[in-house]
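In what follows, a single structure is set out as structure tokens and then discussed.
Nothing in this text is a laboratory measurement; each read-out follows from the coordinates by a stated rule. Remember, predicted model here, so these are calculated numbers, not experimental data. Every residue, glycine among them, receives a Cβ derived from its backbone with ideal geometry; neighbour counts consider all protein chains shown.
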Amino acid sequence: MNSELLLPKGVCLLETQVAGHTFSSDAKALGMLKNEILGCVLKPMGKPECGARELAFYESVTYSNDPILNKVRSLIPKFYEKIKLRVNTMDHTFLKLEDLTHCIKKPCIMDIKIGKRTWDPLATAEKRDVEEKKYIQCKQKLGLCLPGFQVYSQMPLTQEEVVLRYGKDYGRQLNDIEFRKTVSLFLQCQKVVCWPLVQELLTQLYAIRDWFSEQRLFHFYASSLLVVYDYETVQFLTGTTQNGTKESLPNGNAQNDACNFKYEDLAPTAISSARHVQNISPYIKVRMIDFAHVFPASDGSPDTNYIFGLQNLIKIIEDLLSR
């Protein structure tokens, strides 16, 4: 596809994109691009109203002095600017964002859409009907959808290393039990649980949960969490922690300690804190993404739709530690 597209110098397709709109052969449909030298991704703004909402959210978080918005800044990709690029002789507008996979050699990536309701307040009856029929088994029971992921793995017999990629067709067939098994597969937990990986993942999810327990500004629809980790690092950690030690990963920029989870209570209590290691880049990241359907919380109520899915995801991952 790169050879079929006329792109600015230094820009190429984002080959690690696991979900969302991708480029069509005629380039009329736009997907994600990246500039590897600058360490950024370029997200097309898409439909004018959706692009405007996403831009407004990023700008409000980036430039506001509101303490609530300041807290969420570390939980989303860094926003740099809105730019125009010429793709196949046509100008398009993109959001220039942090590349969460930059400098990770073997990125494992999962896009998890959060919330039982994925249509926004402006959705037509037809749009609502279409959304309600998607991912119905997982979405209604867990408030979670799995549009796509990629994971490095080893073939059982040959030990050959392969990259497994699964898209929305796979995700739409999952029930809640199969969703749990898929998370276990993605986190390399089929045989041995990598405690450092799971603990750090939970640490960052707790930070996101803390923010949602406090904020009353927005309601998020069809928004996702992007989970990224380095396969090589996790393989090393799995080998060094099989003796039963339960150490924590270096922090992935989350501003919170790991804590016990009580489903009925958002308030966390600490069980461990991440061990910070100097001069080692974070190799696991959880970030909120996709804000084209973020709307003001007009009644000042908590985003219970998002919290429902987020709590279920936390519980699924916490269950891995009880094996």
For this session: Would you mind computing, in nm to one decimal, how far apart the modelled labels at residue 157 and residue 73 are, each placed 7 Å from Cα along Cα→Cβ?
Result: 5.5 nm
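Treat every Asp and Glu Cβ in the stretch 11-98 as -1 and every Lys and Arg Cβ as +1, leave all other atoms uncharged, and give the resulting dipole magnitude about the Cα centre to the nearest 20 debye. If you can, show how the numbers build up before the last one.
Details: 12 positive and 10 negative charges, 13 e Å.
Computed about the Cα centre, the dipole is about 60 debye.
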Exercise. Looking at the square roots a ≥ b ≥ c of the eigenvalues of the Cα gyration tensor of the stretch 11-98, which shape do they give, rounded for a/c under 1.5, prolate if a/b is larger than b/c, or oblate?
Worked result: prolate
Exercise. In nanometres, what is the gap between the two model label sites at residue 173 and residue 299, each 7 Å from Cα along Cα-to-Cβ?
Worked result: 4.0 nm
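Under a Cβ-Cβ cut-off of 15 Å, what is the net charge of the residues other than residue 303 that fall near it, where Lys and Arg count +1 and Asp and Glu count -1?
On the way: positive: 71, 113, 116, 117, 209, 216; negative: 120, 210, 214, 290, 299.
Its environment carries a net charge of +1.
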Seminar exercise, completed: Here the FRET efficiency for residue 60 versus residue 88, based on Cβ atoms and R0 = 25 Å and rounded to 0.05, is 0.20
Exercise. Of the cross-linked pairs 43/181; 71/285; 134/315; 106/168, which ones have a Cα-Cα span greater than 26 Å in the structure shown?
Worked result: 43/181
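Could you tell me which GluC sites (Glu not before Pro) in the stretch 5-95 are loop residues by DSSP with no more than 12 other beta carbons within 10 angstrom of their beta carbon?
Here the GluC sites (Glu not before Pro) that fit, given the DSSP loop and packing criteria, are 15.
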